[in-house]
Structures are given as structure tokens and as C-alpha cells.
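Working notes for the structure below.
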Amino acid sequence: MEPLCQLWPWAVLVLLAAPQLLGAQRACSQGACYPAPGDLLLGRAPHLRASSTCGLSKPETYCTPHGQWSMKCCRCDSRLPHSYNGHRVENVLSSAGRARWWQSQNGVERVSLQLDLEQTFQLDSVVLHFRSPPAAMLIERSVDAGRTWQVLQYLASDCATAFPRVPRGPPEGWQDPRCQELRGHPVHGGTVKFSVQDLGSTISSSYSQAMEKLGPFTNLRINFTELPHIPRQGYHSPSTFYAVTEMQVLGSCFCHGHAERCTPAGSQHSAVPGHCVCQHNTAGPHCERCSALFNARPWAPAEDSDPHECQRCDCNGHSSSCHFDPELYQASGGASGGVCDHCQHNTEGNNCERCKTNYFRNPRQELSHPEACLPCECDPEGTVPGSACDPGTGRCVCKDNVQGDRCHLCKPGFAQLAAANPAGCRRCTCNALGTRQDTAPCDGDTGSCFCLPNVVGSDCGQCAAGHWGLASGQGCQPCACHPHGSHSPHCNQFTGQCPCRDGFTGQTCSALGQQQCPARHYRDARGGCTECDCDFQGTEEPGCDSPAGSALAAIRQQVRGINPDLHFLDDTASLSREIQALNSSLIATSSQYQSKKTQFESSRSTDLAGAFQTIRSAYQSSSSASSLAQGAPGLLAQAGEGRRSAAGLQRDLAADTARLVALQGQLASAPDLTPAINQVCGGARVEPCTPARCQGLLCPRDNSSVCAAGQPCHGLFPLASGPPPPFPLASGALAAAGQAAKEFSSLSARLQDTAQLVKTTELSASQIQSSTRRLAEQLAAARTQVRGDVRRVRQLLQRLRGFLADKDTDPASIQEISESVLSLRLPTDAAAVRRRMAEIQRLATALQCPEDILAQTAEDIARAKRLQQEAEQARNRAKAVEGSVEEVLGTLQRASAVLLEAQGALRGSGSSLRFIQERLDEIEAVLGPAEKNVVAMGAGLAGLAERLSELQRGTEQNRLRAGDTRDTAGTAAQRASSCRQAFAQVKELYLELQSRMGQGPALGEQGRRVQSIGREAQALLQDTMGIMLRMETLESEIQEGNEALVSRMSRLSGLEEQVGRIRDSIKSKVAYYESCS
């Protein structure tokens, strides 16, 4: 019984709560429902701000009436968040208590309190508890994050004076704010409550409409426009300000009437979460839309008696979302406007009610089944490209010669399905006489024909070996050749005739024949033997065939009658065999013709496409033959023209031969070459010499002349047999030519050397130019860095001065920053920097301006190139000259001199460039370590500046704590002074009691109490003395810290001067190098 007794209270609670839960559920299902309101400020203190707060920058004093004739003055110091005398805006939260409040600055009339929320909420009411209420105020809201504002209510103690243009009384619309009387004592405070429901009830009786029109807000602003009117107390004017002890903004998440609960969003930890737990098939943070699959009707906010529940879309189970289409909704007469999104399972349509292209309806499954639509199984080789199967049956659109639901089979009479064939299958090429007609004529895959019995071949076009009679249409029959009367078991396939032996006759050679005719005879038509009319010297066998022999005899007889002089060749035997072969071919051709004719007639009657193809092929063949025939006259004309040209050449050949003979005779007498020979050989030849006839040597030894000293020499070669003349022309020319050749080769080598030297010089100049530019860039970067470092050092020194001069700076921080500054070492001292600068200046003096040297080098290179071109031109002129060799030698010598001059100029430029490169290397060697030191110094200064910023922030916090400590110390000192006075009084009383105790020891318990009070007073006195001693110690430490600060300040001043000197020296050197750019 005891457990049951313990459960009955819970049962009572459930029974009591059940009607409320059912009522809430019923209310939410029958109409609009709303979450319970809560305080939106709880957990959102950073979102609340005030335009004016007392004591934020410095402490302020304010005085208020105290009693009837006196004033009470208090201090406001809101610099620290939780100061006892602070009155920041977060004090208005209900969690702060009524003992704390927010207070504005004295005398500031236009003040506002503003709450900025992270999203849209629903406002229920605003409650303000004043310590010092305003004379006039107004409440505003914003629904667009503070971009625009709307006044909800004006409040004033005198509406006509505070808001003369604002009417009074109940509002007449949702955008009609009115002024309401404000009650409250300016000194003792009061309470103001604004309710959205109360305001909306004066406009409409619909609660849901009031919540929808006036409830949503993202920002709330309380504007105080007029200070309270406080009467004057004697000769002093009281302070006027606004003070709020507690502020409540009651509201909930904004859900358009579609939710009764809210849920936190993410890491939100406020008392009133912002996301709705939506009902009525709605979704979104504010239930502002229908759920994914409930968009058959348009979304609407809930009303008091109509929840406007979102309706489900009919997607047949193939989609998880849909969207609303107003045009479809209107066309359906308001039945449904839902369009399903991303239909699955190969479906499509507004309701996913039909299959996609290339899919068809599965008759074995319901429409809502995942396999309601099956893919079309069309064979791509037999289906018309781009076509789709029937969505109801799945039948495919086949090509002309293809059949089947999937277009995978060839029609009867067609075979070999292929995608490349526009018709799908090709027609079977079967011989109708040898093919079975009761089934398909050929195999649909391979195209092989189905032959009749004893018929063979891919097209069933011939009888098997030992059979004949294809034309019967019933297959071939055996030859049945007689084994003794026939040469072989094979017979003629068209006639069935077996090859009979001598003495046998009949189709199968089974009958004995008549007596054979003698040799070189044949049996004629009368049965007798007739001599063969053959020339047996040209025959293969000594006999003749009777039909061929008779035919040939008749033909010869006719020919002799026409032309008796014509002689026939002895080829009658072979001709007979040829005629017999032609006869067999004619029979086979006739059979094939009949087969083709039958096929053509059947194809023309059954397949117009095949007939058209045949006609087109025939037309193409005819066109080709016609074009060849048309080109034949042209070829014949060209052949005739060629024949005529050949005849003309043959006619001109005789005349040309005569002219050549005449020309040969002329060359025998002219021209006479004797004068030219004498000039070349230097001789005195008299006999005529022509190209066709010239006797003897051209330059004979016996009639040659010699060149005597001092006489002009004729001829190019020395012809005398004695010693050579002193200066023969030929010998001199050869020697001069040899010397010129040597000069040419020497000049060419020097030209190559000069070209190589020009390339080397240009490369060196380019490298030095790049080195100079790189050095200039390094100098510019170093100059920029030095300037930045100097600027940062100045700023750092200013901050150090301010930090060290601050009286509230912690001594430990001063000690730390001083040690950091003293530990900061410059990369080098001033003397080392001066030495480096002097070295750089010496190098720069030796270097002068590299740009001038490089310019001179460029001029030398250009001059060398010009001289090289002149030398090459001279060499070319020497090669091309046809005058004397001396002129050639002179030109070559001048070219050599020009090249030597160019090489000298280039060597001089090379030495200058090497000098510039050496000086640049030395400058880079000096500036490299200095640049690294400057970078290291900049890094050290950056670290020091960062540490100084941290100490400054710490010092600021310590300053505020020190202020609180001073206030506490002052309060403690006042309390200590009071305690001392009280202790003195207690001591006097104690002495009096002690004297009385001496006079009367009968005090008993009172005496012990007095002794206890005395001991407590003595302990309090000792604690107070200890506090005073610690304060004196702290004061001495602060004094020592200030002295150390002054010492470090002096050392920092010296450091600043040293950095300034280094900066000036670097600036001068940078300016010097800038002059060379």
C-alpha cells in the first residue's frame, strides 16, 4: 500500500495538467497558437545599450532632495563593470536586483535605451520600473534590423505640451500611434507597462491579427525626451536625470501563430530561444513557409479560428519536396498548386505521375512503387535514332527492315542488323530457285540462305556435286550417271547429261550407242559417217564433234561462197570446244537471269525501298557509262592532235638537218680566234684558228716572246724557255693573289674574334647593369626600411614616455619594460656604422657614377660594331673587286686597322666593366650584413612594441583597479578613523568600568562583557595599524619605482639620440647613391 500511496500525488498532477495539455493541443489544431512569453533581456545583456550613462569616462556627483529641506549627494562611477557606485545599463536586468539601477548623465534630455536582437521576435509587453521617471517618452520598434522605425506608443505626463501634434484616445489603425498619460512621482519613481495585446484590442478583436501586425520586431528603442520636473530645495537645484531600476521586454519567438514552443538555435543560451517548433506542416525559423512536401496551397499566418494548415503535395511517393505554383493553383480552381521537385524513380510531371523519356509504365506495379517505371530496352542498332519508346507499352520505333518490341530482330528476308545501316538490316541475296519458301529465306544473324535439298552455296545458287536441276524449284536431283557408260559421276547441272564413254548414249550414258565412225569422221544427221572438215595439224585430238563440225562446215561453206579467196585456219577443234563452253555459259546465264528476274519481281512487289535502291544503282552505273562515253571524243581529239604534231615534227626534221649542216660549214671558217690566242699567249701566230678547225698548239714554244727588262710584257703566261723574266705579269698576279688570299683568311679570323669580343662585352655590360639596378633596389628598400624603423622608434619612444610618465603605472611593469629596452642591442655601435659608411663612400668615390661608365661602354660597343661592319664591307668589296690586286690589298689592310681599333676600344670597355663589377661586389659585401642587422633591429623593435601594448592594456586595467583600491582605502581610512573614535570612547568607558569594577567587584557578567569588548577593540586597533603600515610600505615602493623610471627615461633619451645620429648618417649615404641613378 505504501508505493500506491506515494504515486497518488503524481496522478493528481497528471489529471490536473491533462486538460491544459489537451486544450493547448486542441487550440493549436483549431487555430493560431503562441509560445509563452519570457524576458528577452535575460542572456542578451550585450545587445542592450544606452546613449548616455553617468560616470563612464569619469566619476560624477548628483544630488537629489532628501527630506523636506535638505539635499542628498551621491557619486556615480561606472568605469568598472561591477563597481558599487556604477550605474551601467546592464543593471536594469531583472537578474541584477532592485538595489542596482541604470542612470543617465546629469542634464542630458534626449536619451534612449535600445535593444538589438539577432533575429525577429514577437513582442508581448514592456515593463519599466523607474527610480527617476521621465516627463515624456515614446516606445519604438524596428522590423528590419534598425533601418526604419515605427512608434508604438507616446507617453507623457502632459501629452498636449510634450507631443502637441500627436492625438490622444484609442488608435484607429495599425499605423496610428497615440499619446497616453504617464503617471509617476519624479522622485519616488513609478512603473510603466506597455502591452501589445491591450493596444491591439482597441483596434481589432482578433488576437492573431494584433500579434501579426504589432508583434514582430528586431529592435526596440525607449526614447526619453523630457527630464523629470523636480522642485527646487532651498538655494540648491537638484540634479535631473533618468534612472531605471528594472526593465523587462516580454516576448517569444515569432512563429506567425504556427507554434507553441521555441527551441535554441546553435549555441544560444538565452532565456527565450529564437527558433520555433513549427506545427501546421510549416517550417523555417519563424514557421514562415510550408514544409518541403506541403506546398499544395499557399502559405498563410494562422488566425484565431483557422490554422491555415499547409496541404501535402501528391507526388505518388517519388519526391520529398514540392513548390507552390500560383498559376497552376488558379487553373485548378484552388484545388492544388503543388509542383513536385526532383522526381525520383524515373518519373516526371507536376505530380511525378508519368515516366520519363525512354522509360515506360510497369503494368505489374502500382504508380507509387519505386519500380513503377522501367527503362526502355530498345536495341540501338535497330531503333530509329532520337526516337523514344511508347511510355505506355514500351514498344520501340524500329527501322524499316527491323521488327520486334525492342527492334532487335530483322524482318523476314533481311539479315545482319547493324547500327550503320539506315534501314537496320540488309536484304538476303538468296537464289529463289534454290531457297526454301515456306520459312524465312535466310538466317537473320549471319545472312546464310536456307537451301532446298541438294542445293549448296551461300545464296543457294548451285546444285551439289553429282546433282542437277536447280530450275525445278524443288531442289536438285542426282545425276545417276551409269558407272560403266559415263566418264564420271558428275553431270551437267542444267541438263543432267552425263559424259558418256564411246559406245554409250543417253542422259545417264546407260544405253549402248551405234557403231562408231572411223577416225577423222563424224556421224551426221542421217546417221552416216562424214569426214571431218578439220586441219588436224592444229587440233588437239584426231577427230571432231558432230554438232560443232557440221556447224563449222556450214559456216565455212557460206564464207567461201562470199569470198572464195579467204583461207581458214585449222582451229576447228578448239573452236568447237569454245562454242560448247559458250553454250554452257549461256545456259547458266539464262538460269541466273531467271532467278534474278524472279527476285526482282518479288522485291518490287514487297519492298519499294529495295526497288528504289536497285533503280538508283542502275542509274548511277548508266551515268558513269554516259560520262565515259562523253569523254571519249575528247580523248580521240587529243590523240589526233598528237598524231598531227608528230607528223609536223617529222616534216621539219629535214629542214633542221640542212640548217645544222650549213652552220657546221660556217664554223669551219669563222670566227678567227688567232688575235685572242696571241694576246693570251703573248705570241705571233699567223695561221687562222676557228672553233671547228685550229691546227697546232694554241701557245707554241718556238714562236713565243719573252718580257725584257723595262719593256711591257704581253700575254698572261711566261712562254720563254730560258730563265723567268724579272716581273712577269702572270707571276706577279699569282703572287698578289696568294697574298690577298692570306689577307682574306687573316681578316676573317680577326672579324670572328672581334664579333666574339663584342658579344662578351655586351654580356658583361648587361650583367653590370642588372647588378647596378639590383643594388639600387636594395638601397631603396633599405632606405624605406630605415625610415620606417626610425618612425616606429619615434612612436615607441613616445609611447614609452607616456607609459613611464603615467603615475598609475605598475612598478613591476616599469621594471620589465626598462629591462627589455636595456636588453635591446643595436646591430652595431655608431663608430662601426661610421666606419662602414666611410668605406662605402670611398668605394663610391672610386666608382664615381657607374651609369656614365656604362654609357661610355655602350658607346664603345656601338663603335666596335660599326667598325666591324665597315671591316666586313671592306672584305666584301675586296672579294667583289675586279681591278688590280693592289687595291684589294689596301682595302684589306685598312679593314685590319679598323678591327684592331675596335678590339682596343672593346678591351678598354672590358677593363672598365670589370672595375665596376669589383666595386659593386665590395659595396654588396659591406651592405649585406648591415641590411641583416637593420632587419634584426626592426624585429626587436616590433617585439618591444607588442610587449609595450600588452603592458599598457594591463596598466589601464590596473589603473581602474587602483582607483577602486583608493576608494576602498579611503573608505577603510574613514572606517578606521571612526573605529579609533569609537575605540577611544570604548576605552574611556572601559576605564570607567574598570574603575567601577575596582570599586565594586560584584558586577560579575557585565564585567566579563566589558573585558571581551576591550579585547575586540584592541584587535581592531592592531589590524588598523597593520593596514596603515602596509600603505606606507606601498607608498615607498611606488616612490622607488618612480626614481628607477626617471633613470631609465634618461637612458632611453640617450638611446634615442644615438639612433637619430645613425639615421642621419644612413640618410646622407642614401641621398649620395640616389645622385648616381
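The values are calculated or read from the model by the stated rules, or taken from the named source; none is laboratory data. All values reported here derive from a predicted model rather than from experimental measurement. All Cβ positions, glycine included, derive from the backbone under ideal geometry; neighbour counts span all protein chains shown. Accessible surface is based on the protein model in full, side chains and every heavy atom, while ligands, DNA and RNA are left aside. Shrake-Rupley method; radii C 1.70, N 1.55, O 1.52, S 1.80 Å.
Evaluating T191 against the criteria (1) of a type in the set (S, T, N, Q); (2) open to solvent by 30 Å² or more (accessible area, probe 1.4 Å); (3) at pLDDT 95 or above leaves one unmet condition, (3). Considering region 449-477, the residues that are in contact with a Phe, Trp or Tyr (Cβ under 8 Å, 6 or more places away or on another chain) and open to solvent by 20 Å² or more (accessible area, probe 1.4 Å) include one that is farthest from F504 (Cα to Cα), namely A471. If the condition is being charged (D, E, K, R) and either in a loop (DSSP other than H, G, I, E, B) or farther than 17 Å from C340 by Cβ (or both), then region 283-307 contributes E288, R297, E303, D304, D306.
Residues in region 144-161 include at least one that is in contact with a Pro (Cβ under 7 Å, 6 or more places away or on another chain), touching a residue at least 60 places away in the same chain (Cβ under 8 Å) and in a strand (DSSP E or B).
Criterion first (more than 17 Å from V249 (Cα to Cα) and either crowded, with 20+ Cβ neighbours inside 10 Å or in contact with a His (Cβ under 7 Å, 6 or more places away or on another chain) (or both)) does L182 satisfy it? Against the criterion (more than 17 Å from V249 (Cα to Cα) and either crowded, with 20+ Cβ neighbours inside 10 Å or in contact with a His (Cβ under 7 Å, 6 or more places away or on another chain) (or both)), L182 qualifies. Every condition in (1) more than 15 Å from A243 (Cβ to Cβ); (2) more than 60 Å from the chain's Cα centre (by Cα) holds for C74 except the one numbered (1).
Taking the numbered list (1) open to solvent by less than 30 Å² (accessible area, probe 1.4 Å); (2) touching a residue at least 60 places away in the same chain (Cβ under 8 Å); (3) within 60 Å of the chain's Cα centre (by Cα) in turn, E212 passes all entries but (1). I need the full set of residues from region 118-137 which are touching a Lys or Arg at 6+ places or on another chain (Cβ under 7 Å) and open to solvent by 10 Å² or more (accessible area, probe 1.4 Å), in order please. Within region 118-137, V127 is the sole residue that qualifies.
The single condition among (1) touching a strand residue (DSSP E or B) at 6+ places or on another chain (Cβ under 9 Å); (2) open to solvent by 10 Å² or more (accessible area, probe 1.4 Å); (3) touching a residue at least 12 places away in the same chain (Cβ under 8 Å) that S104 does not meet is (2). Among the residues of region 252-291, those identified as of a type in the set (A, V, I, L, M, F, W, C) and open to solvent by less than 30 Å² (accessible area, probe 1.4 Å) are C253, F254, C255, A259, V272, C276, A283, C287, C290. When the strands (runs of 3 or more DSSP E) confined to region 22-118 are screened for residues that are in contact with a Cys (Cβ under 9 Å, 6 or more places away or on another chain), those reaching at least 2 such residues are found at 60-66, 70-76.
Just one residue in the set S29, S95, S78 is surrounded by 15 or more Cβ atoms within 10 Å (Cβ to Cβ) and among the hydroxyl-bearing types (S, T, Y); that residue is S78.
Would it be correct to say that H236 is more than 30 Å from A372 (Cα to Cα), open to solvent by 50 Å² or more (accessible area, probe 1.4 Å) and under 43 Å from the mean Cα position of the chain (by Cα)? Criteria not met by H236.
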